[in-house]
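Data block below; observations after.
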Amino acid sequence: MVIRGGTSKGLYFNGKDLPENISDRDEILIRAMGSPHQLEIDGMGGGHPLTSKVAVVSKSNRKGIDVDYLFLQVWPNKPLVDAKQNCGNILAGVGIFAIETKLVEIQSDVTKVRVFMENTSSVATLSIQTPKGEISYSGETKIDGVPGTSSPIYIEFENIEGSSCGSLFPTGNRVDLVNGKEITCIDNGMPVVCLVAQDFGITGKESPDEIEQNISLLAAIEDIRLKAGVLMGLGDVRERTVPKMSLISPGEGEIDVSTRTLIPHKVHESIGVLGAVSVATAALVQNTVANRLRAEKSSPSKEIKVGHPSGFFGLQMDIEDDGKVVDIKKSILVRTARLLMRGEVYF
């Protein structure tokens, strides 16, 4: 199936339909996507990291889990498949795929799908609207970065802090100094490096195109990314899509903080789900570069709005922070997803 999940789009496969051998599987996916090519013209990819994604969904044998989900990022410009990160936007479509393919039976007006995220060995619960015994794709929920409205999908994450790096602050610090710039390295479901936009001579309100045309800025950020990757325990990240780099600036109006996120070399037209969770966490806990820029700092347990080029991303966060220990009790957000087509892909 092709499903638009959140602000991404990708191919969704039943795990049993792909080879068990990883190199054989990756060869099929690269050819199916049309990589490597700038436009992925000979495949299903859209020539952009946000539209060159794959979900592999399988019936789970784990207790209390409905399906296992493996996320795979196919690079548009090189024959490479990355399995070392998660994707919360593509996750939003996993429940739809599971129900549409009968991996999960509809329960009532709302069907809960418990998902084990194989990339990070963590769990999320998706609440899918299924009135009258079928998935509802129509509704009044709007997410910035996607035209129109749709039915809401609620996602609640469980114990995702440190899922890739081993701890919420993988360097052991809330602020590190790299190349003379203060940064915050954080992993609450996605390894992210928070940078202060003004430290790089920009406002943080620039368009993705403006940032991508700033070659010296991109080079400076990539140099920090490579060094931060080592500090975060990720090793050499030159051929990896993590950590994401998020330029932070003060929010305006109802926005708590504003972001421009590199994933890691293209600028996201909005922000990834788990990237938003990590940035929101950094904005809410004390003494991070993101927290310093947050407009209102009264309570770490609240709805927080993370700004991005297409609008904002709202999250419900419940966090306790005494300045030394952070206890993340809840991370809930809403996404939408839509089944676009089903059929066969030729490779």
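The values are calculated or read from the model by the stated rules, or taken from the named source; none is laboratory data. Remember, it's a predicted structure, so these values are computed and weren't measured experimentally. Cβ sites come from the backbone with ideal geometry, for glycine too, and all protein chains shown count toward neighbours.
Key figures for this structure:
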item	result
Residue check for S246: among the polar types (S, T, N, Q) and farther than 27 Å from G166 by Cα	no
When residues of the range 180-192 are limited to those that are in a loop (DSSP other than H, G, I, E, B) and in contact (Cβ under 8 Å) with a residue 12 or more places away in the chain, the one farthest from D318 (Cα to Cα)	M190
Breaking point among (1) free of Cβ contacts under 8 Å to residues at least 60 places away in the same chain; (2) surrounded by 17 or more Cβ atoms within 10 Å (Cβ to Cβ); (3) part of a loop (DSSP other than H, G, I, E, B), for K102	(2)
Within the range 331-346, considering residues that are closer than 18 Å to G272 by Cα and either of a type in the set (D, E, K, R) or free of Cβ contacts under 8 Å to residues at least 60 places away in the same chain (or both), the one surrounded by the most Cβ atoms within 10 Å (Cβ to Cβ)	R335
Evaluation of H265 against (1) surrounded by fewer than 21 Cβ atoms within 10 Å (Cβ to Cβ); (2) at pLDDT 90 or above (one fails), failing number	(2)
From L195, L177, L168, residue being assigned to a loop (DSSP other than H, G, I, E, B), touching a strand residue (DSSP E or B) at 6+ places or on another chain (Cβ under 8 Å) and modelled with pLDDT of 95 or more	L168
Check on E269, among the acidic types (D, E) and under 18 Å from the mean Cα position of the chain (by Cα)	yes
Number of the condition not met by R174 [criteria: (1) crowded, with 17+ Cβ neighbours inside 10 Å; (2) touching a Pro at 6+ places or on another chain (Cβ under 8 Å); (3) not aliphatic (A, V, I, L, M)]	(2)
Failed item, numbered, when S216 is tested on (1) in a helix (DSSP H, G or I); (2) closer than 15 Å to N291 by Cα	(2)
Residues within the range 73-99 that are within 17 Å of P191 (Cα to Cα), among the aliphatic types (A, V, I, L, M) and part of a strand (DSSP E or B), tallied	0
Single residue of the range 1-31 satisfying the filter (surrounded by fewer than 20 Cβ atoms within 10 Å (Cβ to Cβ) and of a type in the set (A, V, I, L, M, F, W, C)) that is nearest to L339 (Cα to Cα)	V2
Residue among I153, I143 that is touching a strand residue (DSSP E or B) at 6+ places or on another chain (Cβ under 7 Å) and under 19 Å from E105 (Cα atoms)	I153
Which listed residue, of I211, I186, is crowded, with 18+ Cβ neighbours inside 10 Å and closer than 21 Å to A83 by Cα	I186
Residue in the range 4-23 that is polar (S, T, N, Q), assigned to a loop (DSSP other than H, G, I, E, B) and at pLDDT 95 or above present	yes
Unique match (being assigned to a strand (DSSP E or B), out of contact with any Gly (no Cβ under 8 Å at 6 or more places or on another chain) and crowded, with 17+ Cβ neighbours inside 10 Å) among V115, V123	V123
Scope the range 67-100; condition touching a strand residue (DSSP E or B) at 6+ places or on another chain (Cβ under 6 Å) and of a type in the set (D, E); matching residues	D68, D82
Strands (runs of 3 or more DSSP E) wholly inside the range 221-314 containing at least 1 residues that are more than 23 Å from T141 (Cα to Cα)	244-250, 257-262
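Let's see how each residue does on (1) under 21 Å from I155 (Cβ atoms); (2) in contact with a strand residue (DSSP E or B) (Cβ under 7 Å, 6 or more places away or on another chain); (3) assigned by TED's automatic domain parsing to the domain that holds I153:
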site	(1), (2), (3)
S258	no, yes, no
I271	yes, yes, no
V277	yes, yes, no
I304	yes, yes, no
S310	yes, no, no
